[in-house]
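Only one structure is covered here, and it is reproduced in the block below.
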Amino acid sequence: MEKYYLNFSNLNEETQDIIMQDVIHDLEVTEGKEILEADAKTMNIDYETYITEKAERHLYNFDFIFNV
């Protein structure tokens, strides 16, 4: 399980994008990009939309430690 150490005052869009890209990469490695693409195709959903929504749910599997 991955841990993120975040500065609470620096949760800008760039930081959020970096976290989302890491989560998407984690999903593609653990579940397989081909399988995820097939799932999106089966559901008749654009892959980017599918992987983004799945990544948002997958975020709960990560530990976030905030420095205030």
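Scanning the range 16-44 for residues that are surrounded by 14 or more Cβ atoms within 10 Å (Cβ to Cβ) and either among the small types (Gly, Ala, Ser) or not in a helix (DSSP H, G or I) (or both) turns up just one, Ala40. Residues in the range 2-15 that are outside any loop (DSSP other than H, G, I, E, B) and modelled with pLDDT of 70 or more: Glu13, Glu14, Thr15. Taking the criterion of being modelled with pLDDT of 95 or more and surrounded by fewer than 11 Cβ atoms within 10 Å (Cβ to Cβ), the only residue of the range 47-68 that qualifies is Glu48.
Whenever a residue of the range 45-68 is in contact (Cβ under 8 Å) with a residue 12 or more places away in the chain and farther than 14 Å from Gln16 by Cα, its partners that are among the aromatic types (Phe, Trp, Tyr) and surrounded by 12 or more Cβ atoms within 10 Å (Cβ to Cβ), lying with C-beta atoms within less than 8 angstrom and at least six residues away or across chains, give the pairs Asp63/Tyr4; Ile65/Tyr4.
Selection of the range 13-27 for residues being touching a His at 6+ places or on another chain (Cβ under 9 Å) and farther than 18 Å from Ile65 by Cα yields Ile24, Asp26, Leu27.
The values are calculated or read from the model by the stated rules, or taken from the named source; none is laboratory data. Worth saying up front: this structure is predicted, and the values here are computed from it rather than measured. Cβ sites come from the backbone with ideal geometry, for glycine too, and all protein chains shown count toward neighbours.
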